[in-house]
Amino acid sequence: MNLKLKIAIAILSFIHISLAIARRSTDGVAHHRLVRLHTMLITSTVMLMSSYYMWKRINFSIKTLLPSPNPVGNRRLRLLCLQDVAQALLLLFLFLSHIALFFYYILLGPEPNVIAITALSFIACYAHILIFLLIADILYYSTRIIHNKVSANSVHTYLHENRSFHIMLAVILGFMFMFGGLYTTHTDPVVREASIPMNKFQSSGGNVSIALLSDIHIGPSVGRTRIARIVELTNALKPDIIAIAGDLADGLVRDFHGAAEPLCNLKAPGGVYFATGNHEYMHGNVTEWFWFLENCNITILHNQNKHITINGQKMCMAGADDIYAVRAHVPGHGMDLNKALSTCESDSTNVLLAHQPNAAKVVLNDSNLSKKVNLILSGHTHGGQMYPFVPIVHIANAFVRGQYYDKKTDTYVYVSAGVNYFGPPIKIFGGCEIIFITMNSKP
């Protein structure tokens, strides 16, 4: 290891340690800004190593598959080197991928910037290509070990002879997944309907409908036009209640108030309710967003509840701060399920907004809390958002997507994959959804 590399590693280590210490000694807005900065630096450091690996692999394929300059023949063709063009495009792709996270700080406004959309799309493509390249290398080197140490085999011979093609296939697949994800996020969200029987519903009353919106993620890739369309689709369902289950925005009100303004047009006779997600504490000033939503006549359920009667049914709409709130060191914030459900009565139907499904698991595992809840509405998982991450969300979350029923507590849980996406405007097919739940009395 040369001296310059040692110095670079030492400087990076010092910066990371300093930021880690600073994070522990701050709270509120200063804390979340340090978290964002540190996260960006960690991601950039990892990406530097990944980009070196990708450059080596893809450049090998470029030099193998594309012709080098021909000293003989047409002068114009001699000047056009396809290898140079491909390498330049690769460098541009890597550069835009690396600067993608900076668009959470620059070129912010009511509509996404085209450069930001391109860079954020590329970072999703980058992740797919990296995974496919790693799979290709694992296959190549595992068969090589068998080939060299155990016995010669035709599989390794095939992989060795066609390695450049497999590397290029990884690149092509990465872009295919990117374009497929872009199609999903640039078309209308899917409306998914669910019917949930409620024991405490009066047979003399009517059904009650809830439109569940989660993970709206107003930010550098989600703008006013997208939000206005979501509001239009939601209002067209004519729900009795609208529930926004966290992760409203990835930035400050001053940057995204123009994009968020259509939310003021959400209408429901039983009210529009909001409970925080983790991103309210990671990417913005949660207090400012509370003010904004209150001015839109959206009820904030900050470890609180509200009693309503709708269609002859008594209901308690409760909401808890996100689990992450305690770690965010925002004064006055932290998940308090007991407080959120404190005045919900046993003779009413009680609905809890809890952004992360793991919070739902906390409720179900607590005999006192579970007695007070009939339906828990969550989001957070995005259904994985991109296919390579689907296994991870299954491991990390108690519930992942869709409707669940806990027989022991007679409690339903519904987890939405979210109406939008975080960061890259890429999502699995059918992954952007508005949930329309009809609660009815049990026969």
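The values are calculated or read from the model by the stated rules, or taken from the named source; none is laboratory data. Nothing here was measured: the structure is a model prediction, and the numbers come from that model. Counting neighbours? That spans all protein chains shown, and the Cβs are built from the backbone with ideal geometry, glycine included. Side chains are part of the model used for accessible areas, which takes the heavy atoms of the whole protein and leaves out ligands, DNA and RNA. Shrake-Rupley method; radii C 1.70, N 1.55, O 1.52, S 1.80 Å.
Assorted remarks:
- In this entry, the chain is assigned a mean projected area of 27.9 nm², taken as a quarter of its C-alpha convex hull surface.
- Shape category assigned to region 309-353 from the gyration tensor of Cα positions, a/c cut at 1.5: prolate
- Angle between the chain longest axis and helix 82-99 axis [Cα atoms, degrees, rounded to 10]: 30 degrees
- GNM result for the chain, Cα springs below 10 Å: residue of Leu301, Leu66, Leu364 fluctuating most strongly: Leu66
- Exposure rank, largest accessible area first [Ile227, Ile99; 1.4 Å]: Ile99, Ile227
- In degrees, nearest ten, helix 286-295 long axis to first principal axis of the chain (Cα): 50 degrees
- With each label modelled as a point 7 angstrom along the Cα→C-beta vector, the Val85-Leu65 pair spans 1.5 nm.
- Projected label distance in nm at Phe14 and Asn440, using a 7 Å step from Cα toward the beta-carbon: 6.9 nm
- Exposed loop sites here are chymotrypsin sites (Phe, Trp or Tyr not before Pro) assigned a DSSP state other than H, G, I, E or B and surrounded by at most 16 other beta carbons within 10 Å; excluding them, the longest clear run of the chain is 106-428.
- The solvent-accessible area of Lys339, taken with every protein chain present and a 1.4 Å probe, is close to 110 Å².
- Here, region 347-443 yields an orientationally averaged convex hull projection of 7.0 nm² when only Cα atoms define the hull.
- Reach of Lys238 by Cα under 25 Å, taken over lysines that are not fewer than 8 positions away in the same chain: Lys200, Lys267, Lys306, Lys314, Lys442
- Compared with the dominant principal axis of the Cα atoms in the chain, helix 224-236 is inclined by about 40°.
- Beta bridges per DSSP, both residues in region 299-443: antiparallel share near 50 percent.
- Summarised in one figure, the compactness ratio Rg/Rh of region 189-441, Cα atoms and Kirkwood Rh, is 0.93.
- Between Tyr105 and Lys371, the modelled labels are 5.2 nm apart [label points 7 Å from Cα along Cα→Cβ].
- Structure remark: mean-square fluctuation, Gaussian network model of the chain, C-alpha springs under 10 Å; the largest value among Asp410, Asp366, Asp322 belongs to Asp366.
- For Asn350, the residues whose modelled amide H falls within less than 5 Å of its own, excluding neighbours fewer than 5 places apart on the same chain, are Cys316, Asn374, Leu375.
- With every protein chain in place, the chain: carbon and sulfur % of accessible area (1.4 Å): 62 percent
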